[in-house]
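Reviewing the structure listed below.
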Amino acid sequence: MGENRHPPAVADWGSALHRARTHAPFLARALERQPDLAALLAAGEAQAALDWARAQGQHPDAEIALRRERLALAAALAVGDLAGAFPLAQVVGELTAFADRALDRAIRTAIAERTGDDCADGFIALALGKQGAGELNYSSDIDPILLFDRDRLPRRASDDPGEAAQRYARRVVALLASNDAEGYALRVDLRLRPASEVSPLCVPVGAALSHYQGAALAWERAAFTRARAAAGDIAAGEQFLSQIRPFVWRAQLDFGAIQEIRALTQRIRDSHEGPPAPGPGFDVKRGRGGIREIEFYAQTHQLIHGGRDTSLRVRGTRHALDALAAAGWIPPEHAITLGEGYDRLREVEHRLQMVHDRQTHALPEGAALDNVARLDGLADGAALVAELTELTDRTGRIYEELIGARTATAVPVAMPVSALAHSLGAWGFAEPDTLAERIETWRDGRHAAIRSPQAVEAWDRLAPALLQAIAASDDPMRAITRWERIIESAPSLITTFRLLDARPDLTQRLVAALTLAPVLSDELARKPERLDTLVDRDALDLPGDREAIMARMRGAAVREDYEALLDAIRVITGEIRFALGIQLIEGLADPLDIARALSRTAEAALTLATDATIAEFAAKHGHIAGSELLILGLGRLGGGALTHASDLDIVYLFTGDFAAQSDGMRPLGGTIYYNRLASRVTAALSVPTAQGALYEVDTRLRPQGNQGPIAVSCEAFGKYQREAAWTWEHMALARARVLYGSPPARAELEAVLAEVLHAPRDRHALREAVLTMRAEMARHKQPSGPVDAKLARGGLVDIEFLVHYLQLKGEAADGTPLATAAPRALDPDLTVALAGLAEAGLLPAELAQPHALMSRMLVAGRLLAPDGREPPPSGARALARACGYGSYDALLSAFAAARQMVAAAWKQILGPDILASEQETRS
């Protein structure tokens with residue numbers, strides 16, 4: 001007989017029926033018991049046969065209906081499979097759909113028998129394993145998790161909810177699994193439920209949530225990659241799965257999943273008593289390169305990357321492999337090899353189970369092996385063994401590459417300390433002997449990250465390239481110290497070692513993070529999980545808009561409570577800030593885009609934290625009718641262009657009557673209410689949690705500065721700005737932007753801002769105030785180095801003073817009100833304002849170029865030259881690259897020319913020669 005692995009052009013129903021009757025006693029009996037079905041199959045009526053099989057489930061007695069439908073489907077699908085009419089995906093899909101129907105009918109029957117109602121509210125059946133994935137096989141059991149909601153479960157008035165749920169669960173199992181004259185419907189295994197050794201068959205929803213949020217084991221995470229609400233109260237099941245999503249899909253790249261799966265694989269291999277290679281007794285499910293290892297391969301990659309890459313959150317193994325390849329996480333050829341191998345192994349598994357309808361996965365011996373092979377369409381058992389030997393060797397090797405299993409291939413031998421010291425000296429390290437002894441302690445078993453033999457092996461492979469790259473950096477010993485701190489604190493680095501070894505570009509990126517930017521190297525040392533960013537391609541894209549960032553923050557919360565949300569905000573903000581830092585030092589994004597992304601991230605954090613804090617505060621103190629909190633952003637936050645070193649300059653305001661009272665259990669007057677609430681919001685944004693700090697919040701720009709209340713009413717704010725504010729305070733308002741509040745409240749505040757900014761002013765007094773302020777600043781805040789683009793005369797501060805002077809002056813060149821002639825001139829974004837002032841004839845359009853250059857220098861310099869002094873050579877090159885120049889000298893020349901342009905505009909508009917004044921000040 002020829003092979004029948006791929007569907008023929010025309011289904012061979014005669015051969016299929018012959019093989020079924022000759023080699024599969026179970027199928028022979030099923031066809032004999034169902035002659036109408038056998039006739040449809042013999043006639044090649046595939047769809048009619050399936051329809052006939054499903055119709056058997058219409059019997060009014062649920063137990064009879066489920067067993068008859070199961071037997072009919074098993075026979076129809078098996079013969080159609082053998083004939084080549086039904087592809088594997090259809091076979092497993094039909095079997096899964098039956099399992100879902102059967103489980104749902106059993107639940108409803110169990111409840112109806114007790115209550116008389118056809119209702120499954122509050123009784124949830126989650127499908128895991130192959131049922132959850134839509135991949136059930138012929139004789140597979142199902143592994144549901146049964147949950148119940150005490151408040152919604154249908155029951156008699158005298159029944160306790162917990163007792164009722166257990167009664168229903170026992171009846172569901174009996175309806176499906178008991179074996180009678182009609183056979184059985186489905187084998188049921190409830191051991192995947194939370195804490196199965198002590199928990200009831202049906203678990204309360206609250207207890208299950210607590211388990212998965214705090215006490216679940218590693219294998220449960222892998223199991224839930226396939227979880228699906230399959231029967232009963234589907235909506236409640238989907239809600240439950242959404243609540244535990246952070247447990248399954250972790251926000252960080254989860255390389256610890258590999259260690260967990262490796263340990264699980266080793267336990268399975270150690271406990272498996274069958275032969276390691278195909279032959280009699282070989283288990284196509286548990287054996288090397290078998291079904292389970294292919295499933296683990298897909299699930300492990302999903303667990304590692306699925307927290308960030310939502311395209312990987314698919315259930316079926318083939319779907320997962322395809323998604324991983326499409327997203328670039330695994331080589332396409334691996335997806336093909338494993339996918340085709342998986343399908344073939346599942347077909348062989350089906351053949352084994354078709355023979356006697358037994359849940360078996362092992363190849364039999366002698367004539368029984370020949371029998372299975374001939375059922376499949378092969379000549380004999382030897383042909384099947386030969387095929388499986390080649391197949392599992394291919395799939396097994398791919399899986400072992402992932403988990404780091406030892407093979408007979410070359411293993412790097414650790415370099416003796418003396419040889420290491422010689423190499424370190426040759427690479428340029430100072431005191432190589434001392435350093436060699438220090439490096440050797442990294443692999444002595446004291447650090448979890450380099451403790452297992454596989455981790456030591458992976459480190460030994462990586463070490464020469466990494467150490468050479470560190471030696472070539474500007475500050476090798478700083479990099480060594482930071483790397484050492486990562487090794488000391490990380491629980492597992494084996495996958496990171498392998499990725500760095502396989503991709504030299506990642507090694508260079510790591511060294512850049514360790515040496516070029518102290519902010520990034522310190523962050524890596526504190527949080528080794530930031531290494532994820534080096535290997536996660538998506539992390540090196542600019543983040544989305546504010547709403548997308550907020551959604552990511554919400555999704556990272558491990559629980560639905562205030563503290564968990566604040567932790568999630570810190571986690572995601574830290575990830576984004578670190579990723580943007582890597583993009584900057586690598587020259588992967590324009591610093592201007594990075595500044596805007598940092599601002600979007602801060603606004604997302606502020607909005608979410610404020611929403612949550614208001615809800616938390618209102619639970620105790622209630623709300624004030626007709627009143628709400630507003631947050632005004634100023635400085636770089638108001639302008640929408642932060643740096644990595646920026647504070648959040650904000651002013652808290654509120655609408656409504658300051659004397660009104662809140663309506664909560666502990667009411668407060670308006671002023672006290674909003675001052676306490678504002679303090680809570682500041683704490684939410686600034687106080688460190690278990691996930692670290694977030695932002696420094698600066699509220700000194702509020703009316704009366706530190707002497708005034710932290711929150712004032714919009715009415716009081718407007719009065720202060722009109723009657724008592726200094727010119728510098730109005731200049732600060734020129735970069736103000738309302739960040740939080742309802743549209744009507746925003747409009748109210750924006751009207752106050754417009755009234756203040758558009759008010760008529762004495763031009764001479766305004767000019768003198770601006771000149772005096774800038775001169776005073778120049779005396780007290782000198783530029784700290786040659787790349788201090790902010791404080792150097794002709795730098796960003798001078799551009800800001802020019803812009804704000806012209807904005808407050810309020811007239812275009814022809815005397816028309818600026819708000820009418822060029823509304824963009826009043827925008828808080830300086831880039832937009834400069835363009836608007838050029839339109840109004842007040843500034844040369846060319847001034848946009850110096851502003852862009854210096855803004856790039858400021859954003860990049862906060863990482864690469866945080867003190868404004870000349871960075872070391874590599875840092876200087878990175879700074880020039882970030883600003884769009886081929887060399888540091890070219891950047892300095894462009895900076896000097898840009899300052900001249902700003903100084904010329906300053907002299908034309910305000911009078912003094914600021915560069916000459918700077919030289920006088922220095923001398």
Would you say Gln166 is in a helix (DSSP H, G or I), open to solvent by 10 Å² or more (accessible area, probe 1.4 Å), among the polar types (S, T, N, Q) and within 30 Å of Ile294 (Cα to Cα)? no
Condition check for Leu190: buried (at least 22 other Cβ atoms within 10 Å of the Cβ), of a type outside the set (Phe, Trp, Tyr) and out of contact with any His (no Cβ under 8 Å at 6 or more places or on another chain)
no
Exactly one of Leu580, Leu588 is assigned to a loop (DSSP other than H, G, I, E, B) and at negative phi, and that one is Leu588
When every residue in region 172-187 that is over 41 Å from the mean Cα position of the chain (by Cα) and touching a residue at least 24 places away in the same chain (Cβ under 8 Å) is compared, the one surrounded by the most Cβ atoms within 10 Å (Cβ to Cβ) is Leu175
With the first residue restricted to region 210-239 and required to be more than 23 Å from Ala102 (Cα to Cα), and the second required to be in a strand (DSSP E or B) and open to solvent by less than 10 Å² (accessible area, probe 1.4 Å), Cβ contacts under 9 Å at 6 or more apart or on different chains are His211/Val203
Screening Arg722, Arg735 for residues that are surrounded by 21 or more Cβ atoms within 10 Å (Cβ to Cβ) and either part of a loop (DSSP other than H, G, I, E, B) or at pLDDT below 95 (or both) leaves only Arg735
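Okay, residues lined up against (1) aromatic (Phe, Trp, Tyr); (2) over 24 Å from Leu136 (Cα atoms); (3) modelled with pLDDT of 75 or more:
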site: Val198; (1), (2), (3): no, yes, yes
site: Ala218; (1), (2), (3): no, no, no
site: Arg226; (1), (2), (3): no, no, yes
site: Ile258; (1), (2), (3): no, yes, no
site: Arg262; (1), (2), (3): no, yes, no
site: Arg267; (1), (2), (3): no, yes, no
site: Glu273; (1), (2), (3): no, yes, no
site: Phe282; (1), (2), (3): yes, no, yes
Checked against (1) under 32 Å from the mean Cα position of the chain (by Cα); (2) modelled with pLDDT of 95 or more; (3) surrounded by fewer than 23 Cβ atoms within 10 Å (Cβ to Cβ), Leu146 satisfies every condition except (3)
Notebook entry, point to check: Residue check: is Arg746 modelled with pLDDT of 95 or more and either under 23 Å from Leu818 (Cα atoms) or of a type in the set (Phe, Trp, Tyr) (or both)?
Noted result: yes
Would region 17-38 turn up any residue that is touching a Pro at 6+ places or on another chain (Cβ under 9 Å), open to solvent by 10 Å² or more (accessible area, probe 1.4 Å) and closer than 22 Å to Val348 by Cβ? no
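One line per residue, one yes/no per condition, for (1) of a type in the set (S, T, N, Q); (2) touching a residue at least 40 places away in the same chain (Cβ under 8 Å); (3) touching a His at 6+ places or on another chain (Cβ under 7 Å):
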| site | (1), (2), (3) |
| --- | --- |
| Pro817 | no, yes, no |
| Pro823 | no, no, no |
| Leu826 | no, yes, no |
| Leu863 | no, yes, yes |
| Pro873 | no, yes, no |
Residue hits (region 131-143; over 15 Å from Arg318 (Cα atoms), of a type in the set (Gly, Ala, Ser) and open to solvent by less than 10 Å² (accessible area, probe 1.4 Å)) are Ser139
Over region 461-499, the set of residues in contact with a Pro (Cβ under 8 Å, 6 or more places away or on another chain), closer than 29 Å to Pro331 by Cα and open to solvent by 30 Å² or more (accessible area, probe 1.4 Å) is Arg461, Ala465
Filter region 45-59 for residues that are surrounded by 17 or more Cβ atoms within 10 Å (Cβ to Cβ) and either acidic (Asp, Glu) or in contact with a Gly (Cβ under 9 Å, 6 or more places away or on another chain) (or both); the one that is farthest from Arg70 (Cα to Cα) is Ala46
Of the listed residues (Asp121, Asp100), the one being part of a loop (DSSP other than H, G, I, E, B), more than 30 Å from Arg374 (Cβ to Cβ) and open to solvent by 10 Å² or more (accessible area, probe 1.4 Å) is Asp121
Does Val79 qualify as being under 42 Å from the mean Cα position of the chain (by Cα), open to solvent by less than 60 Å² (accessible area, probe 1.4 Å), at negative phi and β-branched (Val, Ile, Thr)? no
Those residues of region 576-594 which are over 22 Å from the mean Cα position of the chain (by Cα), at pLDDT 95 or above and either aliphatic (A, V, I, L, M) or open to solvent by less than 10 Å² (accessible area, probe 1.4 Å) (or both) amount to Pro591, Leu592
Filtering region 353-383 for residues that are under 22 Å from Leu17 (Cβ atoms), within 43 Å of the chain's Cα centre (by Cα) and open to solvent by less than 10 Å² (accessible area, probe 1.4 Å) leaves a count of 2
query = Hey, does region 604-613 have a residue that's in a helix (DSSP H, G or I), open to solvent by 30 Å² or more (accessible area, probe 1.4 Å) and either under 30 Å from Pro709 (Cα atoms) or touching a residue at least 24 places away in the same chain (Cβ under 8 Å) (or both)?
reply = yes
*What about Ser210, is it surrounded by fewer than 16 Cβ atoms within 10 Å (Cβ to Cβ), within 26 Å of the chain's Cα centre (by Cα) and of a type in the set (S, T, N, Q)?*
yes
Within region 521-559, restricting to residues that are open to solvent by 50 Å² or more (accessible area, probe 1.4 Å), in contact with an Asp or Glu (Cβ under 7 Å, 6 or more places away or on another chain) and charged (D, E, K, R), the one that is modelled with the lowest pLDDT is Asp538
Q) Hey, any hits in region 791-801 for a residue that's in contact with a Ser or Thr (Cβ under 9 Å, 6 or more places away or on another chain), farther than 21 Å from Gln908 by Cβ, open to solvent by 10 Å² or more (accessible area, probe 1.4 Å) and in contact (Cβ under 8 Å) with a residue 40 or more places away in the chain? A) yes
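The values are calculated or read from the model by the stated rules, or taken from the named source; none is laboratory data. This is a predicted model, so every value here is computed, not measured. Backbone-built Cβ (ideal geometry, glycine too); neighbour counts: all protein chains shown. Side chains are part of the model used for accessible areas, which takes the heavy atoms of the whole protein and leaves out ligands, DNA and RNA. Shrake-Rupley method; radii C 1.70, N 1.55, O 1.52, S 1.80 Å.
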